[in-house]
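For reference, the structure discussed in these notes is given below.
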Amino acid sequence: MPTKSTTSPRRDTTAPRRDGQAPRRENHGPRRTLGPIADLERHLPANWWSTLFNSLYLKTDGDVVESAENTRAEVDMLVRLARLEPNDRILDLCCGQGRHSLELARRGFRDVTGVDRSRYLIRLARNRARAAGLKVGFHEGDARKLRLRTSGFHCVAILGNSFGYFDRSEDDLAVLRSAVRSLAPLGTLYLDIADGDWLRGHFERRSWEWVDQDHFVCRERSLSADGSRLISREVVVHAERGVIADQFYGERLYSREGLVELVEKAGFAAIEVEGPLEATSERNQDLGMMAHRMVLTARGPRETRRAKPHPRHRDVTVLLGDPRLPDTVKKEGVFNADDLATVDRLKEALAELDGWRFSYVDRHDTLIERLQADRPPFVLNLCDEGFENDAFRELHVPALLEMLRIPYSGAGPACLGLCYNKALVRTVATSLDVPVPQETYFASGDLATTIPSVFPALVKPAFGDSSLGITVRSVVHDALELVERVRELQQELPGCPLLIQEFLAGPEYSVGVVGNPGSGRITVLPVLEVDYSQLDPGLPQILGYESKWDPESPYWTQLSYGEASLPEEAQRSLVDGSLRLFERLECRDYARFDFRTGADGEIKLLEVNPNPGWCWDGKLNLMAGFQGLRYAELLSLILEAAWERIAEGAQRPASAGVAVEAGASV
């Protein structure tokens, strides 16, 4: 992911999603600016690189990083200096939108793989490869800890100044050691990076330029206190809407000598440095970090060191819903192509995990007999559809496993049963001083109900999952609408009690927790916020059934999700409340907590999800992505949490010594 400048941290994840996840759209609306700043370094986020690379980045830096001329020149040099041959296996590490990988494929290179941590750029690369009919494998991944199915690359290339982003030089070393592990014996490392010595004496302290007819960019730069990094600030302004981004980034400035020393430390030899490599631009104003670069080539060791094999695999049986049976929650009442593709993504991600061996069970008519006849050592319970795809029998699955004394991941039957009843969760939350909305409970046999004093109100089932019964008609504005909606739900869900709540119309958040209180360590993922700004203003702002199961609904196409920007006190309150609920409700291994802001500005609990959606495009994985985790890494965290809990027999209460590892400020 080459960097010339810095951009807004908002993400764009526009692929259709399942499990409540609508596509994410960029929202470059007006933003606040910090005004004049004396010390740029003090405002530099530690993980600026985790949120930077999106569609706005391609706009502000497009003159360089979307230039076909620059791409061809850079690939020309790569092919020449790395002595590439058509059958070489090439890894384009930190590949961004895949411009170099695609150019290599156009030139006839048959085995090219691109890896980048930006979900947006990887998806864009895949779309471009598909449109051009080019065969390139693109994967999300952290360059410091690659987990590719394949290895033995003849060349690992880090192109376009995509090195030196991290706070610590040790992380840069970790990237190089990942490259060593990925290379075939005597494979080539190719590194294109800014010339740090040149930049220290030539960087532009302030500049501005128009990037198109509507946007201009103001930049300022300074050296870090120790002179090892160049800190940059970029304010992107729309001519009519005003400031749409005000962000900071920092890159390590390597001298030739310092870079050679680091590469040697990683285990490379035969190191050569050439340059300069110059970028061109039609605007040709501020080329920043791309202006004057050097190119390093090196050879990997003769015998590539591999990780020691795990002494034995940990066998896991993955329990899933049954695709052969009806599923009334799903739109068509059956598993569809998207559901099956989601399971395939799960299997691909689990296959990346070292030290585990997975088998899969999804047939429910023989499930009990199979588990009795061949009792597995451990079950990863992902059967959130419920036994025989009956959501009301989700808790039956862990109950069966407990009766057979089979250890499993996730919540127990008591927790699932309790959290399935939203009214009972509200009672527990109130006892823990976690704010909840005003609410009236309407039992199925009631002939009348108390009309709430405040409208609009939300009418929803007291029992349920996957937003069943929550639709565009669930928000009512007067007593007549309320009575009509209650009557409809009584017909749709006979015997199910209802909740009539004050409608919370403010910002909506989710908190993800992975781990167990008794283990001494819990990971709190960065808080997610639902973005309703692009939704048709005539529709109520809710995450209902349509947002999870109807790809043609505006709730699927117009909603988006991003990392929340909350005051520290509000964020801490959300996390603290979630952790109290996690422990009191006896959640295990992982859970998700949903909140929304009321008219009074208070953030209140919506619901608790003790076995939340596990799919790759679900909220939990989105939050993991905000922290820089890949899907496989999230699944690994959950597996390890469950395995550790079971191995230690840990179902003890939390102690004062619990360490909370937070992806956001907690």
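The values are calculated or read from the model by the stated rules, or taken from the named source; none is laboratory data. Being a predicted model, the structure only gives us computed values, none of them experimental. A quick note on method: Cβ atoms are made from the backbone with ideal geometry, for glycine too, and the neighbour counts reach across all protein chains shown. The accessibility values were calculated without ligands, DNA or RNA, using every heavy atom of the protein model including side chains. Shrake-Rupley method; radii C 1.70, N 1.55, O 1.52, S 1.80 Å.
Which of the residues belonging to segment 239-277 are open to solvent by 30 Å² or more (accessible area, probe 1.4 Å), farther than 14 Å from Asp192 by Cβ and not β-branched (Val, Ile, Thr)?
Scanning segment 239-277 gives Ala239, Glu240, Arg241, Gln247, Arg252, Glu257, Glu261, Glu264, Lys265, Gly267, Ala269, Ala270.
Tally the residues that are open to solvent by less than 10 Å² (accessible area, probe 1.4 Å) and either within 21 Å of Arg147 (Cβ to Cβ) or modelled with pLDDT of 90 or more (or both), restricting the search to segment 160-171. Break it down into steps so the answer makes sense when it comes.
Pass one, segment 160-171, residues open to solvent by less than 10 Å² (accessible area, probe 1.4 Å): 160-164.
Those still in the list that are either within 21 Å of Arg147 (Cβ to Cβ) or modelled with pLDDT of 90 or more (or both) too: 162-163.
Total meeting the criteria: 2.
If you scan segment 524-547, which residues turn out to be open to solvent by less than 10 Å² (accessible area, probe 1.4 Å) and either modelled with pLDDT of 85 or more or in a helix (DSSP H, G or I) (or both)?
Within segment 524-547, Val524, Leu525, Pro526, Val527, Leu528, Val530, Ser547 meet the criteria.
Identify the single condition in (1) modelled with pLDDT of 90 or more; (2) in a loop (DSSP other than H, G, I, E, B) that Arg652 does not satisfy, given that it satisfies every other one.
(1)
Taking segment 104-155, which residues are in a helix (DSSP H, G or I) and among the aromatic types (Phe, Trp, Tyr)? Walk me through it before giving the result.
Within segment 104-155, the first condition is being in a helix (DSSP H, G or I), and the residues that meet it are 104-106, 119-132.
Listed by number, the list holds a single entry, Tyr120.
Among the listed residues Met289, Met294, which satisfies the condition of being surrounded by 14 or more Cβ atoms within 10 Å (Cβ to Cβ) and modelled with pLDDT of 90 or more?
Going through Met289, Met294 in turn, the sole match is Met294.
Yes/no per residue for (1) of a type in the set (D, E, K, R); (2) loosely packed, with under 15 Cβ neighbours inside 10 Å; (3) over 28 Å from Ala73 (Cα atoms); (4) in contact (Cβ under 8 Å) with a residue 24 or more places away in the chain:
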{"position": "Leu173", "(1), (2), (3), (4)": "no, no, no, yes"}
{"position": "Arg177", "(1), (2), (3), (4)": "yes, no, no, yes"}
{"position": "Gly196", "(1), (2), (3), (4)": "no, no, no, yes"}
{"position": "Ala225", "(1), (2), (3), (4)": "no, yes, yes, yes"}
{"position": "Ser228", "(1), (2), (3), (4)": "no, no, yes, yes"}
{"position": "Val237", "(1), (2), (3), (4)": "no, no, yes, no"}
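Residue by residue, here is whether (1) farther than 21 Å from Tyr590 by Cβ; (2) in contact with a helix residue (DSSP H, G or I) (Cβ under 9 Å, 6 or more places away or on another chain); (3) of a type in the set (D, E, K, R); (4) touching a residue at least 12 places away in the same chain (Cβ under 8 Å) holds:
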| site | (1), (2), (3), (4) |
| --- | --- |
| Asp338 | yes, no, yes, yes |
| Val343 | no, no, no, yes |
| Glu352 | no, yes, yes, yes |
| His364 | yes, yes, no, yes |
| Asp374 | yes, no, yes, no |
| Pro377 | no, no, no, yes |
| Cys383 | no, yes, no, yes |
| Val397 | no, yes, no, yes |
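Let me confirm something: among Val575, Val608, which residue is β-branched (Val, Ile, Thr), over 30 Å from Gly355 (Cβ atoms), in a helix (DSSP H, G or I) and modelled with pLDDT of 90 or more?
Val575
What's the number of the only condition in (1) over 19 Å from His43 (Cβ atoms); (2) in contact with a helix residue (DSSP H, G or I) (Cβ under 8 Å, 6 or more places away or on another chain) that Leu230 fails to meet?
(1)
Matching residues to (1) open to solvent by 10 Å² or more (accessible area, probe 1.4 Å); (2) within 26 Å of Pro185 (Cα to Cα):
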site: Ala73; (1), (2): yes, no
site: Met77; (1), (2): yes, yes
site: Leu81; (1), (2): yes, yes
site: Asn87; (1), (2): yes, yes
site: Gly96; (1), (2): no, no
site: Val115; (1), (2): no, yes
site: Asn127; (1), (2): yes, no
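From (1) touching a residue at least 40 places away in the same chain (Cβ under 8 Å); (2) surrounded by fewer than 22 Cβ atoms within 10 Å (Cβ to Cβ); (3) at negative phi; (4) of a type outside the set (Gly, Ala, Ser), pick out the condition that doesn't hold for Tyr190.
(2)
Residues that are aliphatic (A, V, I, L, M), open to solvent by 10 Å² or more (accessible area, probe 1.4 Å) and either at pLDDT 75 or above or part of a strand (DSSP E or B) (or both): does segment 505-512 have at least one? Spell out the reasoning first.
To start, the set of residues in segment 505-512 that are aliphatic (A, V, I, L, M) comprises 505, 511.
Filter once more, keeping what is open to solvent by 10 Å² or more (accessible area, probe 1.4 Å): 505.
Okay, now just the ones that are also either at pLDDT 75 or above or part of a strand (DSSP E or B) (or both), so 505.
For segment 505-512, residues aliphatic (A, V, I, L, M), open to solvent by 10 Å² or more (accessible area, probe 1.4 Å) and either at pLDDT 75 or above or part of a strand (DSSP E or B) (or both): present.
Could you list all residues from segment 611-633 that are assigned to a loop (DSSP other than H, G, I, E, B) and not acidic (Asp, Glu)?
Start the filter on segment 611-633 by keeping residues that are assigned to a loop (DSSP other than H, G, I, E, B), which leaves 611-618, 627-630.
Answer for segment 611-633, where residues must be assigned to a loop (DSSP other than H, G, I, E, B) and not acidic (Asp, Glu): Asn611, Pro612, Gly613, Trp614, Cys615, Trp616, Gly618, Gln627, Gly628, Leu629, Arg630.
Restricting attention to segment 72-87, report how many residues are in contact with a Gly (Cβ under 9 Å, 6 or more places away or on another chain) and either modelled with pLDDT of 85 or more or charged (D, E, K, R) (or both). I'd like the intermediate steps shown before the answer.
First, pick out the residues of segment 72-87 that are in contact with a Gly (Cβ under 9 Å, 6 or more places away or on another chain): 74, 86.
Among the residues that remain, those that are also either modelled with pLDDT of 85 or more or charged (D, E, K, R) (or both) are: 74.
Residues that pass the stated criteria total 1.
When you look at Thr328, is it farther than 18 Å from Tyr408 by Cβ, modelled with pLDDT under 85 and in contact with a strand residue (DSSP E or B) (Cβ under 6 Å, 6 or more places away or on another chain), yes or no?
Judged against the criteria, Thr328 is not a match.
Hey, can you tell me all the residues within segment 593-608 that are under 24 Å from Gly321 (Cβ atoms) and open to solvent by less than 20 Å² (accessible area, probe 1.4 Å)?
First, the residues of segment 593-608 that are under 24 Å from Gly321 (Cβ atoms): 593-594, 607-608.
Result: Phe593, Asp594, Val608.
Just to verify a result, which residue in segment 578-601, among those that are part of a loop (DSSP other than H, G, I, E, B) and charged (D, E, K, R), is nearest to Gln541 (Cα to Cα)? Steps first, answer last, please.
First pass over segment 578-601, keeping only residues part of a loop (DSSP other than H, G, I, E, B): 585-588, 598-601.
Subset that is charged (D, E, K, R): 586, 588, 600.
Numbers: Glu586: 31, Arg588: 31, Asp600: 17 Å.
It comes out as Asp600.
If Asn336 meets every condition in (1) under 27 Å from the mean Cα position of the chain (by Cα); (2) at positive phi apart from one, which number is that one?
(2)
With respect to the numbered conditions (1) touching a Phe, Trp or Tyr at 6+ places or on another chain (Cβ under 7 Å); (2) of a type in the set (A, V, I, L, M, F, W, C); (3) closer than 22 Å to Ser228 by Cβ; (4) open to solvent by 10 Å² or more (accessible area, probe 1.4 Å), which one is the sole condition not fulfilled by Ala184?
(3)
Mind listing whichever residues of segment 331-368 are in contact with a strand residue (DSSP E or B) (Cβ under 9 Å, 6 or more places away or on another chain) and among the aromatic types (Phe, Trp, Tyr)?
Matches in segment 331-368: Trp356, Phe358, Tyr360.
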